[in-house]
Amino acid sequence: MIIRLRLPDGSTKRVEAKNDETIAGLLDSLKEDWLHLEVFRSLRETESLDLNATVEDSGLKHGDMLYLKGTLAKAEEAVETPRETEEGSSAVNTDQQNSRLNSVRNGFQPKITSRCLHGPRGMCEHCMPKEDPKERYRRAVEQLHGLRGGSIAALEAAEAMKFHIKPQEESFASSVSVDHDAAFSFQANLVSIGFQQQRLGFLYGRVEDSALVFVDCIYEPPQCGTYQMYKLESPQENPNAAESKMRADKLASLLGLQKVGWIFSSKPRKCIFSAVDIMTACQFQCEAEELHGEDASKAFVTITVSVTEEGMTRFEAYQISDLCLNMYKAGVFVPVEEQKPKSGKIRTKEEVIVEGIECRSIDTDFFLVSVPIKDHHSWLKNNNFPVENREQAPIQPSDLSSCLAKSLDEPFIRRISDFHLLLYISNVLDMDTDMPLLCNAVREQRELAEEEEGYRLMIEAIANADS
């Protein structure tokens with residue numbers, strides 16, 4: 001299998017691994033360049049992996065990403081060696097030395113002077129200050145302008161600096177497959193309320209070879225949508241909204257899942273995506289990049305649920321084009337508060353080129369790349385326990401005991417293999433100490449070990465107390 005290593009400098013290295021190989025063995029090729037390496041499953045993890053544990057014991061699979069923290073060997077060698085003074089004390093400022101090492105550990109890599117071939121007064125591409133090339137281009141254009149207008153060179157340069165809007169022909173994700181029960185639950189809730197409240201949810205799953213995206217569950221965060229538009233609850237409306245979202249991310253990570261996209265519903269309209277939909281998709285994909293890295297988030301998908309003229313519910317999957325995401329990161333779009341929520345055109349702060357014409361409004365269809373959508377049956381259950389944060393069908397205390405009473409012929413660990421049930425239990429069990437052990441058993445679909453049997457008793461006690 002192939003394991004990806006995200007190095008402290010941001011680069012990615014792929015190594016071949018065997019199930020019986022230790023984590024330390026995966027790092028052998030890095031020992032010459034990096035010191036004091038620690039390995040984490042995600043950027044948010046605070047507890048590093050045991051280097052003596054095997055790949056199989058650590059739950060690693062083909063394509064998984066490990067995040068490394070450490071010190072650049074050359075940078076540590078570059079730190080001044082303390083020299084002894086006549087009194088025998090160190091002449092090097094220890095605070096300065098520690099600050100250099102700390103800056104390396106915090107992700108800043110000092111300049112490697114061995115790459116520079118000039119003298120101390122010289123400057124090259126390795127040590128020169130970084131400058132925004134677009135800003136340098138603007139200054140050059142200003143110099144080309146005459147008193148009575150711009151020269152041909154200035155006009156050509158100015159046009160070259162503008163974004164040229166073109167559709168993207170192929171998506172990065174080859175297809176997306178949604179768990180049948182999870183999709184049905186999201187759809188059934190919308191039908192039960194007559195699509196009078198638009199909803200959104202986050203898709204958790206995995207990305208397999210050839211960029212095949214599998215959605216194993218859908219988490220619906222706290223929200224207060226209307227008939228016109230979905231809307232997440234703000235910290236002022238719900239102080240626990242952000243914490244609930246982080247808890248869902250943490251639980252998905254413990255189950256070996258990652259955020260692979262989002263889903264939203266919309267009322268009948270002329271456009272597929274509104275300007276707000278485009279910017280929301282870009283925002284969520286940027287958040288996924290922070291969680292899982294840029295490579296893992298390239299397959300981030302958006303699924304829309306709408307009603308056709310015949311009254312049928314329709315699921316469609318798309319990806320946002322790379323050009324659109326780059327424009328969002330560059331701050332080209334007008335803030336989402338100033339966009340028209342019902343419009344199929346997105347407004348920009350500066351002029352762009354659309355089909356040879358300068359304008360400040362772009363049809364959102366230019367930024368959409370269609371993705372084939374399928375369904376499958378996930379290893380997680382999505383039809384046993386109520387979905388969280390639904391006003392019309394809130395979770396009742398008796399739901400846990402009712403859920404456990406179903407399928408008594410199944411093993412206990414199989415009966416609790418439900419994302420929404422585990423999220424409900426995490427309100428009682430500790431997310432940092434108890435849930436990792438319980439989720440490991442769910443992930444491996446094994447019976448609880450003798451020392452873990454207490455979790456069964458605790459869950460059953462909670463169910464009996466609430467029934």
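A few comments on the model shown:
- All positions within the stretch 247-263 that are of a type in the set (Val, Ile, Thr) and more than 11 Å from the chain's Cα centre (by Cα): ILE263
Each row is one residue, and each column tells you yes or no for (1) open to solvent by less than 60 Å² (accessible area, probe 1.4 Å); (2) under 20 Å from the mean Cα position of the chain (by Cα); (3) touching a residue at least 12 places away in the same chain (Cβ under 8 Å); (4) on the phi > 0 side of the Ramachandran plot.
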| site | (1), (2), (3), (4) |
| --- | --- |
| ILE2 | yes, no, yes, no |
| ARG6 | yes, yes, yes, no |
| SER11 | yes, yes, no, no |
| LYS31 | no, no, no, no |
| GLU38 | no, no, yes, no |
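- Residue check, ILE362 open to solvent by 80 Å² or more (accessible area, probe 1.4 Å), aliphatic (A, V, I, L, M) and farther than 28 Å from GLY63 by Cα: no
- Filter result (aliphatic (A, V, I, L, M) and either part of a loop (DSSP other than H, G, I, E, B) or open to solvent by less than 20 Å² (accessible area, probe 1.4 Å) (or both)) within the stretch 299-316: ALA299, VAL301, ILE303, VAL305, MET312
- Condition check for VAL369: crowded, with 19+ Cβ neighbours inside 10 Å and either assigned to a loop (DSSP other than H, G, I, E, B) or in contact (Cβ under 8 Å) with a residue 12 or more places away in the chain (or both): yes
- Any hit, the stretch 319-326, residues being over 19 Å from the mean Cα position of the chain (by Cα) and open to solvent by less than 50 Å² (accessible area, probe 1.4 Å): no
- Exactly one residue out of GLU355, GLU350, GLU388 is acidic (Asp, Glu) and within 30 Å of VAL428 (Cα to Cα): that is GLU388.
- Count - residues of the stretch 190-205 that are more than 28 Å from LYS340 (Cα to Cα) and at pLDDT 95 or above: 2
- Residues in the stretch 177-229 that are assigned to a loop (DSSP other than H, G, I, E, B) and among the acidic types (Asp, Glu): GLU220 only.
- Taking the criterion of being of a type in the set (A, V, I, L, M, F, W, C) and part of a loop (DSSP other than H, G, I, E, B), the residues of the stretch 9-66 that qualify are ALA17, LEU27, LEU43, LEU49, LEU51, ALA53, VAL55, LEU60.
- Among the residues making up the stretch 379-395, those that are surrounded by 12 or more Cβ atoms within 10 Å (Cβ to Cβ) and either over 29 Å from CYS224 (Cα atoms) or without any contact (Cβ under 8 Å) to a residue 40 or more places away in the chain (or both) are TRP379, ASN384, PHE385, PRO386, ILE395.
- Once the stretch 264-289 is narrowed to residues that are among the hydrophobic types (A, V, I, L, M, F, W, C) and part of a loop (DSSP other than H, G, I, E, B), the residue that is farthest from the chain's Cα centre (by Cα) is CYS271.
So that you can scan it fast, the table gives a plain yes or no per residue for (1) among the small types (Gly, Ala, Ser); (2) open to solvent by less than 30 Å² (accessible area, probe 1.4 Å):
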{"position": "LYS406", "(1), (2)": "no, no"}
{"position": "PHE412", "(1), (2)": "no, yes"}
{"position": "PHE419", "(1), (2)": "no, yes"}
{"position": "VAL428", "(1), (2)": "no, no"}
{"position": "ASP434", "(1), (2)": "no, no"}
{"position": "GLU452", "(1), (2)": "no, yes"}
{"position": "ALA461", "(1), (2)": "yes, no"}
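- Any hit, the stretch 339-360, residues being part of a helix (DSSP H, G or I) and either in contact (Cβ under 8 Å) with a residue 40 or more places away in the chain or over 22 Å from THR302 (Cα atoms) (or both): no
The values are calculated or read from the model by the stated rules, or taken from the named source; none is laboratory data. Keep in mind that this is a model prediction, so the values were computed, not measured. Backbone-built Cβ (ideal geometry, glycine too); neighbour counts: all protein chains shown. SASA here: full protein model, heavy atoms, side chains in, ligands and nucleic acids out. Shrake-Rupley method; radii C 1.70, N 1.55, O 1.52, S 1.80 Å.
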